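Enquirer: Quick one: the structure is below, and I'll ask about it shortly.
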Amino acid sequence: ADYQTNKRHRSSDEGQHRAAETLSAHRQLYERHFPLYKQPVEVGCFSLDSRRSFCNDQRQLRYYVQPTKSPDFNLRDGYTSRFVKRDDSVKEKLDHVLKWILANRDKIQTRDQTPSSSALGVDFVTWRGHLTKVLTTPYETQEGWMLAASKFRGSIYISEVETEAAKVNRETRSQRQEEMMYWGYKFEQYICADDVNGTPNPGGVVNTNEAFCTVVQTRLADHKLLFSGEVDCRVKDPDAPPAPGCYVELKTSAEICTPKQRSNFHRYKLLKWWAQSFLPGVPQIVAGFRDHDGIVVAVETFPTSKISQLIKNEFNCWKPTVCMNFCNDFLSFVKSVVKEDDPRLVYLFTWDPHRDVTYAVHRDSQFTFLPEWYIKDMSS
Ligand code: 0WD
Ligand code: CA
């Protein structure tokens, strides 16, 4: 009796005139053929320097240096003495992406558009990380999300709002959790060189303000997307495929000692790793497996395109097609709701595990996120 067809999973879907009120995240509804996802194209990049300032260049791009068979990486090294931590209570929203757009408006590929048109010619502008959360929603049982959306000059901008639960987590992290957040950045330092001919410098300072971000354009079914994501490094080979094909994602994870740990790694971690790298077309993920004391015991490369085969032996496991179909339908849902072109109007989409996606509308509220400097510059 509660069977729903693919087309009827939005509540009160009363034909073409009224937008649906909610969207279901039930994975069974999204088991359809894989939607069109065009090869992402890098249209630009930017860097955030040691003081977290936007730089319209690739100064923070680093180079991958393959570690030896049994590397000697201690991820705890330097935590108390050589660590500058970004202030994560500062909410940057889409600001860095918007700065990139203002500085590079001419580089955005606008097909079927008059050159004089002021619109960007994309349907959505966002961070890659926000799309990762959407992709993994049908399988997420722990953490909900809130995504704010505003339409401005025909494009819908999507920016995350920290949930109350995430805020509590951030403000009550244990000493151990704080330190373990450093381990991923320390691993990057052991693997990455600043120059194409250089070698990693594990004696240097880890500064998490620094970042290199790619900006890509792609299309998911009817949705033209422009998003940015942080990239850890690229391969040195100058003949490697052009970006994003030369990029490498770095990860750390607890070493796998039992079948149960292996299964959890496949079911939960590889889902997040796959979604994050598949979106911008990053082809390889290099993982450092570490023990409880932060010593890396193994380094393994996962080609992004092989991950979905790797997990197929897992009972009742996640499917890429479910992730992509849900994202497609979520973006259609957002388009059907976010009709008014007004940067001061925010449509706040909320999802909690075991619930449907819902939304509420806010005018001139704490949720407004498109800054005056962006609106002014784009309107001139
Ligand atoms: O304001 C916000 N709500 C957010 C801002 C949320 C998420 C990201 N950001 C910004 C930051 O400016 C950051 O530089 O986005 C940038 C990264 O964006 P992304 O690539 O879209 O984010 P995501 O894919 O979630 O994370 C990529 C990497 C992470 O690597 P791992 O291997 O752990 O996934 O970016 C780092 C982290 O190293 N990272 C962040 N850096 C700064 N602020 C953040 C964050 N909030 N989240 C992840
Ligand atoms: Ca990483």
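The values are calculated or read from the model by the stated rules, or taken from the named source; none is laboratory data. These figures come from a predicted structure and were not determined experimentally. Virtual Cβ from ideal backbone geometry, glycine too; neighbours counted across all protein chains shown. For the accessible areas, the whole protein counts, side chains as well, though only heavy atoms, and no ligand, DNA or RNA atoms are used. Shrake-Rupley method; radii C 1.70, N 1.55, O 1.52, S 1.80 Å.
Enquirer: Quote the Stokes-Einstein diffusion coefficient, in whole µm² s⁻¹, for segment 251-347, based on the Kirkwood radius over alpha carbon pairs, a temperature of 25 °C and a viscosity of 0.890 mPa s.
Expert: Details: Rh = 15.8 Å.
The estimated diffusion coefficient comes to 156 µm²/s.
Enquirer: Compute the length gained on full extension between F83 and R355: take 0.36 nm times their separation in residues and subtract their Cα-Cα distance, giving the result in nm to one decimal. All intermediate terms of the calculation are to be shown ahead of the outcome.
Expert: Values: separation 272, 0.36 × 272 = 97.92 nm, distance 3.97 nm.
Additional length available on full extension: 93.9 nm.
Enquirer: Which residues in segment 48-78 have a backbone N closer than 19 Å to a point placed 7 Å from the Cα of L102 along the Cα-to-Cβ line?
Expert: Under 19 Å, as judged by backbone N against the label point of L102, lie 48-49, 51-58 of segment 48-78.
Enquirer: Taking H placed 1.01 Å from N in the peptide plane, check which residues at least 5 places from E21 or on another chain put their amide H under 5 Å from its amide H.
Expert: S11
Enquirer: Using 31 Å as the Cα-Cα cut-off, could you pick out the over-long pairs in K236/K312; K99/K167; K186/K306? Don't skip to the end; give the middle numbers.
Expert: On the way: K236/K312 33 Å; K99/K167 26 Å; K186/K306 27 Å.
Flagged as over cut-off: K236/K312.
Enquirer: Apply 1/(1 + (r/R0)^6) to the Cβ-Cβ distance of D194 and D95, taking R0 = 22 Å, and write down the FRET efficiency to the nearest 0.05. Each step should come with its number before you reach the end.
Expert: Numbers: r = 26 Å, r/R0 = 1.17.
After rounding to 0.05, the efficiency reads 0.30.
Enquirer: Still on this structure: Using a 1.4 Å probe on the protein heavy atoms only, what accessible surface does D293 show? Give it in Å² to the nearest 10.
Expert: It works out to around 90 Å².
Enquirer: Sticking with this one: Compute the length gained on full extension between T68 and T172: take 0.36 nm times their separation in residues and subtract their Cα-Cα distance, giving the result in nm to one decimal.
Expert: Numbers: separation 104, 0.36 × 104 = 37.44 nm, distance 3.76 nm.
Gain in length upon complete extension: 33.7 nm.
Enquirer: Kindly provide the trypsin sites (Lys or Arg not before Pro) of segment 155-204 that DSSP labels as loop, not H, G, I, E or B, and whose Cβ sees at most 15 other Cβ atoms within 10 Å. Please list the in-between numbers first.
Expert: Values: sites: K167, R170, R173, R176, K186; in loops: R173.
Answer in residue order: R173.
Enquirer: Give me the extension gain from H26 to A254: residue separation times 0.36 nm, minus the current Cα-Cα distance, reported in nm with one decimal.
Expert: Numbers: separation 228, 0.36 × 228 = 82.08 nm, distance 2.97 nm.
Using 0.36 nm per residue and subtracting the Cα-Cα distance, I get 79.1 nm.
Enquirer: Take every Cα-Cα pair in segment 66-176 and report what % of them are more than 19 Å apart.
Expert: On the way: 3965 of 6105 pairs.
Result for the distance tail: 65 percent.
Enquirer: Note down the relative contact order for the chain as a percent, whole number, built from C-alpha pairs under 8 angstrom at least six residues apart. Can you show the working numbers first?
Expert: Details: 689 pairs, mean separation 103.9, N = 380.
Contact order relative to length: 27 percent.
Enquirer: Determine how large the accessible area of E249 is when every protein chain is in place; take a 1.4 Å probe and give Å² rounded to the nearest 10.
Expert: 20
Enquirer: Moving on to the next point. Given the DSSP H assignment, sum -39500 (n - 2.57) over each helix run of at least 4 residues in the chain and divide by its residue total; what's the result at 222 nm in deg cm²/dmol, nearest 500?
Expert: Result for the chain: -6500 deg cm²/dmol, rounded to the nearest 500.
Enquirer: What's the ranking of 363-369, 240-246 by average number of surrounding C-beta atoms within 10 Å, highest first? Let's see the in-between values first.
Expert: On the way: 363-369: 14.1, 240-246: 16.3.
Descending packing order for the listed peptides: 240-246, 363-369.
Enquirer: When the expected Rg is taken as 2.2 N^0.38 Å, what fraction or multiple of it is the alpha-carbon Rg of the chain?
Expert: 1.00
Enquirer: In segment 275-351, what GluC sites (Glu not before Pro) fall in a loop by DSSP, with at most 15 other Cβ atoms inside 10 Å? Please list the in-between numbers first.
Expert: Working: sites: E300, E314, E340; in loops: E314, E340.
The qualifying sites are E314, E340.
Enquirer: Follow-up question, since we're still on this one. Report the antiparallel proportion of the DSSP beta bridges in the chain as a percent, rounded to a multiple of 5.
Expert: Working: 50 of 67 bridges.
Around 75 percent of the beta bridges assigned by DSSP in the chain are antiparallel ones.
Enquirer: At what distance in nm do the modelled label points of D237 and H33 sit from each other, each positioned 7 Å from its Cα along Cα→Cβ?
Expert: 3.4
Enquirer: Per-residue counts of other Cβ atoms within 10 Å, averaged by peptide: what ranking do you get for 226-232, 128-134, 31-37, highest first? Could you put the intermediate results ahead of the total?
Expert: On the way: 226-232: 23.1, 128-134: 21.4, 31-37: 13.1.
Those peptides, ordered most packed to least, come out 226-232, 128-134, 31-37.
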